[in-house]
Amino acid sequence: MDDATVNAVTRALAIGPRSSRAERTIDITTIGRRSGQPRRVEVWFHRVAGHWYLTGMPRPPRSWYANVRANPRFTVHLKHGVHADLPATAVPVDERTRRRVITAVLDPQAGADVPAGVVRGQDFDDWFANSPLVEIVFDDERLRAASPAQN
C-alpha cells in the first residue's frame, strides 16, 4: 500500500464512540474449516484500548469463529469510506482481555470505542460465556503502529 492508502485505511480503522454502524461494518473472508473454501461474511468490529476485535452476540456457534479457530489467517474487507482488503490473523484472547473487551462492548461508558446502544441491555454473564471473541492483528506493521495500545 502506498502512504495515501495507508492513511485512508488508518482513518477507516479509527472507529470511535461516534462511529456509525456502517463505519464499523466490515466483511471478512475466512477459510472454511471443513471445505477449505473461502467464506465471506459481514460482521462488526470493535476497537478497545487501541486494539481491534471481532465478536458477536451470544448465539449458537458462528461459522466465521469456527473457521478462524481452525485457520487464523483471514482477510478484513473495509467497505465504507475506503475499500481495502487487509490480510490479518485472528488471535485468541486471555480471560482478562475477554472480560475487559466484553465489558467495554456492553457498556460504552466503560471506555470502549463503541457507540452507545450497540448492545444495550445485554447480560454480561451470557456474553462472557457464549460470545465469540478474537483480536484482529493486521499483517501490515504500519496499521498496527497506527493505533498503539492504550492502558
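In region 44-70, the qualifying residues are those that are outside any strand (DSSP E or B) and touching a Ser or Thr at 6+ places or on another chain (Cβ under 7 Å), and the one that is surrounded by the most Cβ atoms within 10 Å (Cβ to Cβ) is V68. Within region 13-31, the set of residues being of a type in the set (A, V, I, L, M, F, W, C) and more than 15 Å from V43 (Cβ to Cβ) comprises A14, I31.
Checking region 81-90 against the condition returns a match, with at least one residue being under 16 Å from L133 (Cβ atoms), at pLDDT 95 or above and crowded, with 17+ Cβ neighbours inside 10 Å. Contact map, region 73-90: residues that are of a type in the set (S, T, Y) paired with residues that are in a loop (DSSP other than H, G, I, E, B) and loosely packed, with under 15 Cβ neighbours inside 10 Å, Cβ distance under 8 Å, separation 6+ or inter-chain. Pairs shown: T89/D139.
With (1) touching a residue at least 24 places away in the same chain (Cβ under 8 Å); (2) within 17 Å of N130 (Cα to Cα); (3) out of contact with any strand residue (DSSP E or B) (no Cβ under 9 Å at 6 or more places or on another chain); (4) assigned to a loop (DSSP other than H, G, I, E, B) as the list, and R99 as the residue in question, which single condition is left unmet? Evaluating R99 over (1) touching a residue at least 24 places away in the same chain (Cβ under 8 Å); (2) within 17 Å of N130 (Cα to Cα); (3) out of contact with any strand residue (DSSP E or B) (no Cβ under 9 Å at 6 or more places or on another chain); (4) assigned to a loop (DSSP other than H, G, I, E, B) leaves (4) as the failure.
Considering region 4-43 alone, what residues qualify as being crowded, with 18+ Cβ neighbours inside 10 Å and assigned to a strand (DSSP E or B)? Result: I26, I28, T30.
The values are calculated or read from the model by the stated rules, or taken from the named source; none is laboratory data. On a predicted model such as this, the values are computed, not experimentally measured, just so you know. Don't worry about glycine lacking a Cβ; one is built from the backbone with ideal geometry, like all the others, and counts go over all protein chains shown.
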